[in-house]
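The structure appears below as structure tokens.
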Amino acid sequence: DIRWITATSPGRIERIPLLPGVTITADTVLVELSNPELVQAAFDAESKVSAGEAGLEKLKVQLESDRLTQESAVASLKSDLVLASIEADADEKLRQAGLVPELGAKRSRAKADELQARHALEQQRLAINAKSAQAQLKVQEAELAALRTQCQLRKQQVEGLKVRAGFAGVLQRLGDERPLQLGQQLNAGAAIARIADPSKLKAEIKVAETQ
């Protein structure tokens, strides 16, 4: 059972800790690569995640502040509406008793009706703002999730610079056609090592066609 181990990320060979012929485990590091651009990309991705988390918290605070402001406006209008309704009812009774002119009572009633309409509109706005806040949070959370996924991918690529065996066996060779050398540049997918499982052996015999 022979397997080829390939590079998951491009890089330059910095260290070759083993030589062919040794027995290895799945976690054995075969080659260590360096890729400054990849490391920087992982750092940038982590910074974007931190910025995204801060942006999400800032948005939550802002939305909560807007909600409290809107609720305060609704409460203030409700208080004004109650007072205006009491005043309109009182003026109506005084008008019926002939103590205030009809115009004054109508003005009081019109003011109460206006406040009633404004209060209803502000309540609707409060409900709409709540739905809008939820939508904004979902968008921000989705963007943050995408940044976290990208960051995780970059971290995995950086971790891939330490090429591990992946399964136990015997290290047969390093490199494909030529042995690996320190400082050699490898592309993603390049052959790193060939590993054989000694518990599964196979003999190949060439027999001439005449035989």
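Observations on the model:
- Out of GLU209, GLU204, one residue alone is free of Cβ contacts under 8 Å to residues at least 24 places away in the same chain, within 30 Å of ILE5 (Cβ to Cβ) and either under 22 Å from the mean Cα position of the chain (by Cα) or not in a helix (DSSP H, G or I) (or both). It is GLU204.
- Considering only residues in segment 111-121 that are open to solvent by less than 90 Å² (accessible area, probe 1.4 Å) and within 40 Å of the chain's Cα centre (by Cα), the one that is farthest from LEU81 (Cα to Cα) turns out to be ALA120.
Residues checked against (1) at pLDDT below 90; (2) open to solvent by 80 Å² or more (accessible area, probe 1.4 Å); (3) in contact with a helix residue (DSSP H, G or I) (Cβ under 7 Å, 6 or more places away or on another chain); (4) farther than 30 Å from SER76 by Cβ:
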{"site": "GLN123", "(1), (2), (3), (4)": "yes, yes, yes, no"}
{"site": "ALA135", "(1), (2), (3), (4)": "no, no, no, no"}
{"site": "GLU141", "(1), (2), (3), (4)": "no, yes, yes, yes"}
{"site": "ALA145", "(1), (2), (3), (4)": "no, no, no, yes"}
{"site": "LYS155", "(1), (2), (3), (4)": "no, yes, yes, yes"}
{"site": "LEU171", "(1), (2), (3), (4)": "no, no, no, yes"}
{"site": "GLU177", "(1), (2), (3), (4)": "yes, yes, no, yes"}
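- Test: LEU103 is free of Cβ contacts under 8 Å to residues at least 24 places away in the same chain, among the hydrophobic types (A, V, I, L, M, F, W, C) and either under 30 Å from ILE13 (Cα atoms) or assigned to a loop (DSSP other than H, G, I, E, B) (or both): no
- Set SER76, SER108: member being open to solvent by less than 90 Å² (accessible area, probe 1.4 Å), within 41 Å of the chain's Cα centre (by Cα) and farther than 30 Å from LEU201 by Cα: SER76
- Residues that are within 24 Å of ARG118 (Cα to Cα) and open to solvent by 60 Å² or more (accessible area, probe 1.4 Å), drawn from segment 52-73: GLU64, ASP66, ARG67, LEU68, THR69, GLU71, SER72
The values are calculated or read from the model by the stated rules, or taken from the named source; none is laboratory data. Please read these numbers as outputs of a predicted model, since none were measured by experiment. Reconstructed Cβ throughout: ideal geometry from the backbone, glycine too, with neighbour counts over all protein chains shown. Each accessible area value is taken on the protein alone, full model and side chains, heavy atoms only, with ligands, DNA and RNA left out. Shrake-Rupley method; radii C 1.70, N 1.55, O 1.52, S 1.80 Å.
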